[in-house]
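Any read-out appearing in this document is the output of simple, stated calculations on the displayed coordinates, not a laboratory observation. Since the model is a prediction, treat every value here as computed from it, not as a measurement. Virtual Cβ from ideal backbone geometry, glycine too; neighbours counted across all protein chains shown.
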Amino acid sequence: MRIAGVDEAGRGCLAGPVVSGATILPPGWCPEGLDDSKRLSAAKRDCLYASILEGALAWGAFAVWPREIDRTDILRASLKAMSGAVGLLGASPDLVLVDGNHAPPLDCPCACIVKGDGRSAAIAAASIVAKVVRDRIMVELDARFPAYGFSAHKGYGSPGHLASLAECGPASVHRFSFRPVAGLRQSSLW
């Protein structure tokens with residue numbers, strides 16, 4: 001039985017995409033130190049990411065960008081990212097384990113597991129894929145929009161990010177439907 005895990009990263013950010021990762025791991029295989037991505041250092045996540053890409057039977061990552069998040073909402077965008085990541089696996093899973101309590105629209109059975117990234121190796125691996133891919137996107141966005149410090153806070157509402165928003169206004173990669181971005185004057189940093 002091919003069991004996929006799926007998780008997302010960046011749901012609560014003020015900028016950048018929401019990214020989902022999906023993995024199918026070999027039965028019984030678990031890289032040493034695998035855990036929920038939020039409990040790992042960046043260096044440990046990067047190391048595990050390389051192991052996952054090498055050892056997984058299949059993996060995928062899919063991003064939904066701020067304009068679509070603003071047009072729909074973050075839940076719909078997250079579910080679309082999850083569906084997209086599962087679609088990129090190449091191998092059709094027999095079951096998808098989803099971190100959380102909302103299942104994406106898929107053509108295969110799903111089981112939602114609250115705090116699943118701490119209970120399922122496949123979900124934990126997917127959480128690492130999602131987080132590393134998203135963090136790398138934010139580092140690339142930092143090079144395009146250096147005034148915001150994206151490589152430091154990855155788009156979350158840190159004091160430095162909020163100060164940059166107040167000073168510069170939001171850039172095109174911000175989520176205009178999210179407070180405190182909503183209502184700010186648009187930046188010329190497009």
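Things worth noting here:
- Charge sum, other residues only, whose C-beta stays under 14 Å from Ile69's C-beta, Lys/Arg counted +1 and Asp/Glu -1: +4
- Residue-count net charge about Gly5 - beta-carbon cut-off 9 Å; Lys, Arg +1, Asp, Glu -1: -3
- Rounded to 10°, Cα long-axis angle of helix 159-168 versus longest principal axis of the chain: 50 degrees
- From its DSSP helices (H runs of at least four residues, each -39,500 (n - 2.57)), the chain gives a residue-normalised ellipticity at 222 nm of -12000 deg cm²/dmol.
- Two-site label geometry, Ser172 and Lys115: point separation in nm, points 7 Å out along Cα→Cβ: 4.2 nm
- Placing +1 on the Cβ of every Lys and Arg and -1 on the Cβ of every Asp and Glu, with nothing else charged, gives the chain a dipole about its Cα centre of roughly 440 debye.
- Ordering of 121-134, 87-100 by burial proxy (mean other Cβ atoms within 10 Å per residue, highest first): 121-134, 87-100
- Net length available on complete extension from Cys108 to Glu54 is 16.9 nm, with 0.36 nm assigned per residue and the Cα-Cα distance removed.
- Principal-axis tilt of helix 121-144 within the chain, Cα atoms, nearest 10 degrees: 30 degrees
- Peptides 28-38, 145-155, 172-182, 8-18 ranked from most to least packed by the mean count of surrounding Cβ atoms within 10 Å: 8-18, 145-155, 172-182, 28-38.
- Across the chain, the relative contact order, built from alpha-carbon pairs under 8 Å that are at least six residues apart, equals 30 percent.
- Within the shell defined by Cβ-Cβ distances under 12 Å, the residues around Lys44 carry a net charge of 0, with Lys and Arg each +1 and Asp and Glu each -1.
- Protection proxy ranking of 41-47, 68-74 - average other beta-carbon atoms within 10 Å, highest first: 68-74, 41-47
- In the list [x] 0.95; [y] 0.97; [z] 1.00, the label attached to Rg/Rh (Cα atoms, Kirkwood Rh) as derived from the coordinates here is [z].
- Put a dot 7 Å past the Cα of Arg136, heading toward its Cβ, do the same for Ser92, and the two dots end up 2.9 nm apart.
- Principal-axis tilt of helix 74-87 within the chain, Cα atoms, nearest 10 degrees: 40 degrees
- Computed from backbone phi, the HN-Hα couplings of the stretch 25-40 come to 9, x, x, x, 8, 8, x, 4, x, 4, 7, 3, 4, 5, 9, 10 Hz, rounded to whole numbers (Karplus: 6.51 cos²θ - 1.76 cosθ + 1.60, θ = phi - 60°; Gly and Pro given as x).
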